[in-house]
Amino acid sequence: MLSGVTKDALRDTLKTVPPERRLAVAIAATGLKQRDIADEVGISESLLSRLISGHCWSSRSQRVRIAKAIGLSVVDLFGEVAA
């Protein structure tokens with residue numbers, strides 16, 4: 001779900017954002033609350049916050065679930081192909 005921005009516009013924006021900031025930018029663009037994303041992904045809001053700030057690494061499966069919750073592909077959001 002995106003709020004006030006199309007997926008194509010967000011994809012274009014994310015291409016210009018450093019990889020470590022893409023998750024924060026994408027979440028801000030969706031208008032979703034971190035709690036809602038964390039619940040959908042099956043992680044704590046605290047862990048999601050640490051992932052957003054770059055204080056810890058996410059697993060590949062978490063990245064796939066986060067991208068799905070935001071409505072983007074893993075490549076769009078993290079610049080990698082999901083295995």
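The values are calculated or read from the model by the stated rules, or taken from the named source; none is laboratory data. Predicted, not measured: the structure shown is a model, and the values here were computed from it. We place every Cβ from the backbone using ideal geometry, glycine too, and count neighbours over all the protein chains shown.
Can you tell me which of Thr30, Thr6 is loosely packed, with under 14 Cβ neighbours inside 10 Å and β-branched (Val, Ile, Thr)?
It is Thr6.
Among the listed residues Leu48, Leu14, identify the single one that is touching a residue at least 60 places away in the same chain (Cβ under 8 Å), surrounded by 15 or more Cβ atoms within 10 Å (Cβ to Cβ) and part of a helix (DSSP H, G or I).
Leu14
Pick from the range 25-45 the residues that are among the hydrophobic types (A, V, I, L, M, F, W, C) and assigned to a helix (DSSP H, G or I): which of them is nearest to Arg11 (Cα to Cα)?
Ala26
Of everything in the range 51-67, what is in a helix (DSSP H, G or I) and either modelled with pLDDT under 95 or not charged (D, E, K, R) (or both)? Give them in sequence order.
Leu51, Ile52, Ser53, Arg60, Ser61, Gln62, Arg63, Val64, Ile66, Ala67
Looking at Val75, Val64, Val25, which is the one that is among the hydrophobic types (A, V, I, L, M, F, W, C), under 12 Å from the mean Cα position of the chain (by Cα) and loosely packed, with under 14 Cβ neighbours inside 10 Å?
The unique qualifying residue is Val75.
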